[in-house]
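Just below is one structure, and these are the notes that go with it.
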Amino acid sequence: MNLFAELERRNVIRMAGLYLVGAWLITQVAGTLLPMFEAPAWVARTIVIILAIGFIPVLIFSWIYELTPDGLRRDAEVPREQSMARQTGRRIDFAIIAVLLLAVVYFAVDRMVFEPRRIAQARAEATQPARHDAQADRSIVVLPFADMSQAKDQEYLSDGLAEELLNLLARVPQLRVISRSSAFSFKGKAIDVAGIAKQLDVAHVLEGSVRKAGNAVRITVQLIDARSDAHIWSETYDRPLDNIFAIQDEIAAAVVSKLKITLLGDAPKATVTDPAAYALYLKASEQLRVGSADALEAAIRLYKEALATSPDYAQAWEALGGVYLNQAARGMRDTEEGTRLAREATNRALALNPSLARATADLAWIANAYDRDLVSAVRYTDRALALDPGSTQVLFSAGLTARSLGRLDAATAIYRREVALDPANPGPYGQLGKVLAFSGRDAEAIASFRKVIELSPGFAGVRHWLSLVLLKDGHDRAGAEQALALAADEPGRCYRLETLAMAYYALARTGESDAAMAELTATCEEPASYNIAYAYAFRGDADQAFTWLEKALQHNDGGLTEVVSQPMFAPIRNDPRWLPYLRKLGRAPEQLAAIPFSATLPQ
């Protein structure tokens, strides 16, 4: 009883009550508010653990120390006649009453405000799975096939077959097929089927293997329901290599049948060509996946070999044109030469097969970025979307056309669809982020750019694009400091210099801004004349901005496709030279408004 009396005198019991009531209230509030902010589960667990750990130290502290007018003193050092323990106890009683009143208020608010919201959300979630499942039932990812050949030298065939099947299935409008770049991003990684399907938000996975011996090939495929990990269908094909196109058709038809998709027309069919040319085509496609300058040159050689074997091979002409265009866009080939070669190869492909969607989309890109012919770009874009609305290459080009016309809502919808079809590819997130930034939706743009960095930390340009959002105001010192930090990690040299020139200017570090600008203009004129123009506009130098816009025109800079929407040109949009320049480009407001563009996407 003496111990209990001493605990009561030293207010240890009261402090325990106050701590428990307060901790309980904190956990209740956290349990209500944290889910509203989508906080991870570990945050709530951490709060509970910290409160539990703190209970005993608080009681020990209350036992040892007493609060006096002179501050905290050890209880043993305070004479009983000078003790303030009784007054402190009354204060603690009032504090307990206050916390209990807060608890009553919390319960009232929770019952009248938060509980109805939780009920409404639960009802919404209860109906959501049925809609989601209906959509997910028609979603699939085709994983790279395993090379089971004895010499392990048929990877080009196993990967190529998987990609061709993917392309076939993507032509079924009712089926959402994940793009090759996302599907192949899991190659060589220790992730199970369920994990891959969850990351890509698909219900089905098609995987398989290829074993080649001489002119014979064995292809084994299996279709898996990723939600239950159940095998829906599997088959093994032992055929001569000459029959590979028929095998592709059979597999595609079987997948469509097993997923119970009702086709409005015939099932998609693989294009039959010479087997030797097809093998060269697949080897060239393997080089494209490498993506380096040397690999692109190797791809060109292999495509030309395939065409020497089969001159009427339309897909090889289409792919060859795509490589030339890629080289021109990335500065690996002179722009005029690259676009000329791309146009010739692409037109040859369409002359052989007018239904090639990618070739049509490439002509839209050329018309838009290099011919400055938006009317033709729209015509090609509409045609490409009608031919294959599930192609990410078609969607990329369509988004570029919409953005060039200033139709930012249409561009946003297009790039969101590309992200849905290619969720592991950083590129679509970057394009979506740019359009969101042009639309003034800065928070969404920043999130999209951050996703690019998460998927590909070395992605050139994304930190510069993110910096433009942070620098848009021009007077936000915090944004300029963030842009400066981003520049340090930007792998693209010209992008880094552009960011430094603008960030230093925003921070009033004029000398450093001038130095970065001088290096930028001396070393990056041809690939970055358009970017240099908006850097000068940002710095308030309208004369230099228009000088460099003219240089961008001379160099046929692809960046001019976004000139009507780029916020960095805001300081010079009221300049009397602005509208005449846009008219010369064919992109003045009245010129763009006269061009119809529907950009119809499947539901």
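The values are calculated or read from the model by the stated rules, or taken from the named source; none is laboratory data. Just so it is clear, the structure is predicted and the values come from calculations on it, not from any experiment. Heads up, the Cβs are rebuilt from the backbone with ideal geometry, glycines too, and the neighbour counts pull from every protein chain shown. Calculation scope for accessible area: heavy atoms of the full protein, side chains included, ligands and nucleic acids excluded. Shrake-Rupley method; radii C 1.70, N 1.55, O 1.52, S 1.80 Å.
Sort the range 191-307 into rounded, prolate or oblate with this rule: let a ≥ b ≥ c be the square roots of the eigenvalues of the Cα gyration tensor; rounded if a/c is under 1.5, and if a/c is not under 1.5, prolate when a/b is larger than b/c, oblate otherwise. Because a/c hits 1.5 or more and a/b exceeds b/c, the range 191-307 counts as prolate.
On full extension, the segment bounded by L20 and L507 gains 170.3 nm, given 0.36 nm per residue less the C-alpha separation. Think of the chain as having a plus end and a minus end, set by charges on the Cβ of Lys, Arg, Asp and Glu; of A328, G31, P428, G31 sits farthest toward the positive end of this dipole. The charge dipole of the range 513-603, taken about its Cα centre with unit charges on the Cβ atoms of Lys, Arg (+1), Asp and Glu (-1) only, comes to about 380 debye. Here are labelled values, (1) 27.9; (2) 38.8; (3) 30.3, and one is the computed mean projected area of the Cα convex hull in nm² for what I pasted. Which one? Only one listed value fits the structure, namely (2). Between the range 145-219 and the range 441-497, the C-alpha centres lie 35 angstrom from each other. Over the range 450-583, Cα pairs under 8 Å with separation of 6+ residues give a relative contact order of 17 percent. Please work out the Cα center distance from the range 285-361 to the range 9-27, rounded to the nearest Å. Result: 74 Å between the Cα centres.
Under 5 Å between amide hydrogens, built in the peptide plane, is the criterion, and for W233 it picks out L223 among residues at least 5 positions away or on other chains. Calculated FRET efficiency, R301 to N353, Cβ-Cβ distance, R0 = 30 Å: about 0.85 to the nearest 0.05. Estimated at 0.36 nm per residue, the fully extended path between A230 and V29 surpasses their Cα-Cα distance by 68.1 nm. Residues in the range 443-449 carry Karplus couplings, in order, of 4, 5, 5, 4, 4, 5, 5 Hz; the curve used is 6.51 cos²θ - 1.76 cosθ + 1.60 with θ = phi - 60°, and Gly or Pro positions show x. Report, to the nearest 10°, how far helix 493-506 tilts away from the longest principal axis of the Cα atoms in the chain, using its own Cα long axis and a range of 0 to 90°. With both axes taken from Cα atoms, the answer is about 40 degrees.
Approximating the spin labels as points 7 Å out from Cα along Cα→Cβ, the Q554-to-Q199 distance works out to 4.7 nm. For the chain, relative contact order (Cα pairs under 8 Å, six or more residues apart, normalised by length) works out to 8 percent.
Grab the beta carbon distance between N574 and V272, set R0 = 60 Å, and tell me the FRET efficiency rounded to 0.05. Mind dumping the intermediate values first?
Details: r = 60 Å, r/R0 = 0.99.
Between N574 and V272 the formula returns 0.50.
Relative to the dominant Cα principal axis of the chain, helix 542-554 is inclined by about 40°. Starting from the Cα gyration tensor of the range 374-511, take the square roots of the eigenvalues, sort them a ≥ b ≥ c, and report rounded, prolate or oblate (rounded when a/c is under 1.5, otherwise prolate if a/b is larger than b/c, else oblate). It comes out prolate by the Cα gyration axes.
Sum up the charges of everything whose Cβ sits under 9 Å from the Cβ of A542, counting Lys and Arg as +1 and Asp and Glu as -1, but leave A542 out. Net local charge, A542 excluded: -2. Estimated from the Cβ-Cβ distance and a Förster radius of 56 angstrom, the FRET efficiency linking Q591 and I261 is about 0.85. Averaging the sequence gap over all C-alpha pairs within less than 8 Å and six or more residues apart, then dividing by the number of residues, gives the range 432-523 a relative contact order of 21 percent.
Length gained on full extension, L601 to D192: 144.0 nm, using 0.36 nm per residue less the C-alpha separation. Counting only DSSP H runs of at least 4 residues, each contributing -39500 (n - 2.57), and dividing by the residue count of the chain, the helix-based mean residue ellipticity at 222 nm comes to -20500 deg cm²/dmol. DSSP assigns beta bridges within the chain; of those with both partners inside it, close to 75 percent run antiparallel. Computed about its Cα centre, the charge dipole of the range 411-463 is approximately 60 debye, with only Lys, Arg, Asp and Glu carrying charge at their Cβ.
Quick one: dipole size for the range 471-518, taken about the Cα centre, charges +1 on Lys/Arg Cβ and -1 on Asp/Glu Cβ, in debye to the nearest 20. For the range 471-518, the charge dipole is close to 40 debye.
Helix 335-352 axis versus longest C-alpha principal axis of the chain: approximately 70°, rounded to the nearest ten. For F94, F546, the ranking by accessible surface with the largest value first comes to F94, F546, using a 1.4 Å probe. Separation of the range 525-578 and the range 401-427, taken as the distance between their Cα centroids, equals 24 angstrom.
Backbone phi angles across the range 314-328, fed through the Karplus curve with coefficients 6.51, -1.76 and 1.60 (θ = phi - 60°), yield HN-Hα couplings of 4, 5, 5, 4, 4, 5, 4, x, x, 5, 4, 5, 4, 4, 5 Hz in residue order; Gly and Pro are listed as x.
Does a label point 7 Å from the Cα of A98, set along Cα-to-beta-carbon, have any residues of the range 2-23 with amide nitrogen under 18 Å, and which are they? Label zone hits: 14-23.
Hey, if we sort D334, D147 by accessible area with the 1.4 Å probe, largest down, what's the order?
Reading off the accessible areas and sorting them downward yields D334, D147.
What shape does the range 438-505 have by the C-alpha gyration tensor, where a ≥ b ≥ c are the square roots of the eigenvalues, rounded means a/c under 1.5, and otherwise prolate means a/b greater than b/c and oblate the rest? Note, shape of the range 438-505 comes out oblate.
For Q154, nonlocal amide neighbours, meaning residues 5 or more places apart or on other chains whose placed amide H falls under 5 Å from its own, are S149.
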